[in-house]
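Scroll down for the structure; my scribbles are underneath it.
The values are calculated or read from the model by the stated rules, or taken from the named source; none is laboratory data. Being a predicted model, the structure only gives us computed values, none of them experimental. Cβ sites come from the backbone with ideal geometry, for glycine too, and all protein chains shown count toward neighbours.
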Amino acid sequence: MARKSSSTRSKNKPKEIKFHFRHAIPDDIPYIILLERCALFSSSISDHSIPTQQYDSYNRTLKDYIIARPSSPTSSTPIAFIELVKHRPQKCPCEVCKGAVACGELGMWADIVAMVVGKDYTLYWRGLCRQLVLASQQWVVEEGAREMKVRVSGEAGQVFKELGFLSLGGVEGEEGVCEMRKCFYL
């Protein structure tokens, strides 16, 4: 029986694409909104097509967004974003932080709230997911956080497991969603 050559096997694998990550800027807001809508980009994206209230809402939370785009060409449009919220329990008003303060757990932590990949790039989502998490993890550690939490569903859970996250079990009221956590020893 003939064996498949390595060149035949490599043709079936999706080409590895390297991505560049950076914090979002106001010019990225139209792309973030279009990615959320799963809409196709056109060359004429303008801020005027976005309701002012929606634009202002994104502008207030822009510090939480990380943008991904292919490394080459450098002019390519964003194809994914991640919303990463850093929590400081003594200052953060969220319910999780209130509970943490009540229990005396005051360490900073981070939560990946959303991660959206443009549909033309879903073939590369696994590699992109890994790169996004590693990039955001680096920023979390730089900020002095000791823990990072994510809520994932489906196959994404396996990717996070490979990256050292431990499952905390399912999320109440959200079928198929699992909360995961990774601790950093600084």
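Annotations
- Within region 136-150, tally of residues that are modelled with pLDDT under 80 and part of a strand (DSSP E or B): 0
- Matching option when the condition is under 16 Å from the mean Cα position of the chain (by Cα) and loosely packed, with under 14 Cβ neighbours inside 10 Å, among 131, 137, 158: 158
- Only one of the listed residues (96, 133, 159) is aliphatic (A, V, I, L, M), closer than 27 Å to residue 31 by Cβ, out of contact with any helix residue (DSSP H, G or I) (no Cβ under 6 Å at 6 or more places or on another chain) and part of a helix (DSSP H, G or I). That residue is 133.
- Residue in region 87-105 that is within 17 Å of residue 20 (Cβ to Cβ) and either modelled with pLDDT under 80 or not acidic (Asp, Glu) (or both) present: no
- Only a single criterion out of (1) among the charged types (D, E, K, R); (2) farther than 23 Å from residue 25 by Cβ; (3) more than 15 Å from the chain's Cα centre (by Cα); (4) not in a loop (DSSP other than H, G, I, E, B) is not satisfied by residue 105, namely (4).
- Subset of region 86-103 (residues that are surrounded by 17 or more Cβ atoms within 10 Å (Cβ to Cβ) and of a type in the set (A, V, I, L, M)): 100
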